[in-house]
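I have placed the structure first, in the form of structure tokens, so that the comments after it can refer back to it.
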Amino acid sequence: MYQNYIFDLYGTLVDINTNEGKPYLWKKTAELYAYHGAHYTPKEFRAGYLRLCAEHTRRLREKNGAKYPEIQLEYVFDDLFKEKGVEVSMDIIRTIGQTFRVISTKFLCLYDGVTDLLDSIHAAGRKVYLLSNAQEMFTKHEMIALGIYDRFDGIVFSSDEGLCKPEEPFFRTVVDRYGLDISQSIMIGNDANTDILGANLIGMDSLYIHSDISPQLTDPTGADIPATYRVMDGDFTKIKSLVL
């Protein structure tokens, strides 16, 4: 039916639950910083992290004019070292950032039917792409851990582009970078305000799947979601019969 299948990741292919509110996360990350000579209390570290995230977001918005900018968290973690007068390598920063993510993650798993659908799309001679509002530093390795990173013909992370869904230029990035025909492509995602809206902005078909981490809907039936297809019960296995 389509030649190109563009997927969202979290809430669409991957079920995830993270909690950055737990004190243990900030305590252990502050301890990692102390290992390298940057001393923070957990409370001070958390406040600095949130402040720098806001500052980086503001500066990026001013620079690229995006309504929905996406920063690279590596530079937030780096600035937390620099504010204590400590210089470390980017390898150390990324390792600490990934440890931060692992500590904050309660669970991470694929939804039933994901690998079957991805493999079936390739078996039919079609292409699979990822367009994700995500931090490459975290998400690439989560995909590797789940065994799906190499199943994509192209991957676009918002942190690498400086903006995220539903920005129209972000959607056009995956189209232009991989030479996709919009009329032969479909966006599949679990968020009507990002995945479906963005696809509509560039005239691309879409499939909405309501998963356990989708934003709450005004109409539980999904009748007001302007998607080409809808799967409202979260059953990922139904997608295959609808669009392949």
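The values are calculated or read from the model by the stated rules, or taken from the named source; none is laboratory data. Just so you know, these numbers come straight off a predicted model, no measurement behind them. Every residue, glycine as well, gets a Cβ built from its backbone with ideal geometry; the counts of neighbours run over all protein chains shown. Surface areas here come from the heavy atoms of the whole protein model, side chains and all, with no ligands, DNA or RNA. Shrake-Rupley method; radii C 1.70, N 1.55, O 1.52, S 1.80 Å.
Spin-label model, ASP160 to LEU217: label points 7 Å out along the Cα-to-beta-carbon direction sit 3.2 nm apart. In terms of the Cα gyration tensor, with a ≥ b ≥ c the square roots of its eigenvalues, is the range 130-224 rounded because a/c is under 1.5, prolate because a/b exceeds b/c, or oblate? Oblate shape, in that a/c is at least 1.5 and b/c is the bigger or equal ratio. Per residue, the convex hull around the alpha carbon atoms of the range 1-60 comes to 160 Å³.
Using the rule -39500 (n - 2.57) for each DSSP H run of four or more residues, divided by the residues of the chain, the 222 nm mean residue ellipticity is -13000 deg cm²/dmol.
In terms of its Cα atoms, the range 1-123 spans 56, 35, 26 Å along the principal axes, sorted from long to short.
Residues whose amide H falls under 5 Å from that of PHE7, counting only those 5 or more places apart or on a different chain, are TYR129, LEU130, LEU131, ILE188, with hydrogens built in the peptide plane.
Treat each spin label as a single point 7 Å out from the Cα along the C-beta direction, and report the TYR24 to ASP116 distance in nm. Placing both labels 7 Å beyond Cα along the Cβ direction yields 3.5 nm. Extension gain, GLU62 to ILE144: 0.36 nm times the residue separation minus the Cα-Cα distance gives 26.1 nm. Converting the Cα gyration tensor eigenvalues of the range 35-101 into ellipsoid dimensions via √(5λ) gives semi-axes, longest first, of 23, 13, 11 Å.
The length gained by stretching the chain between LYS240 and LEU108 to full extension, at 0.36 nm per residue less their Cα-Cα distance, is 45.3 nm. Which of rounded, prolate or oblate describes the range 63-148 when judged by the alpha-carbon gyration tensor and an a/c cut-off of 1.5? Prolate shape, in that a/c is at least 1.5 and a/b is the bigger ratio. Beyond 27 Å in Cα-Cα separation lie the following of the pairs LYS67/LYS106; LYS43/LYS67; LYS27/LYS82; LYS63/LYS127; LYS43/LYS82: LYS67/LYS106; LYS43/LYS67; LYS63/LYS127. Backbone amide hydrogens, once placed in the peptide plane, bring THR18 within less than 5 Å of LYS106, excluding anything fewer than 5 places away on its chain. When both bridge partners sit in the chain, DSSP labels roughly 25% of those beta bridges antiparallel. Counting protein heavy atoms only, the chain has 50 percent of its accessible area on carbon and sulfur, 1.4 angstrom probe.
About its Cα centre, the chain has a charge dipole of approximately 580 debye under the convention of +1 per Lys or Arg Cβ and -1 per Asp or Glu Cβ, with nothing else charged. When the Gaussian network model of the chain links Cα atoms closer than 10 Å, the mean-square fluctuations of PRO23, PRO166, PRO226 top out at PRO23. Take the Cα radius of gyration of the chain and divide it by 2.2 N^0.38 Å, N being the number of residues; the result is 1.08.
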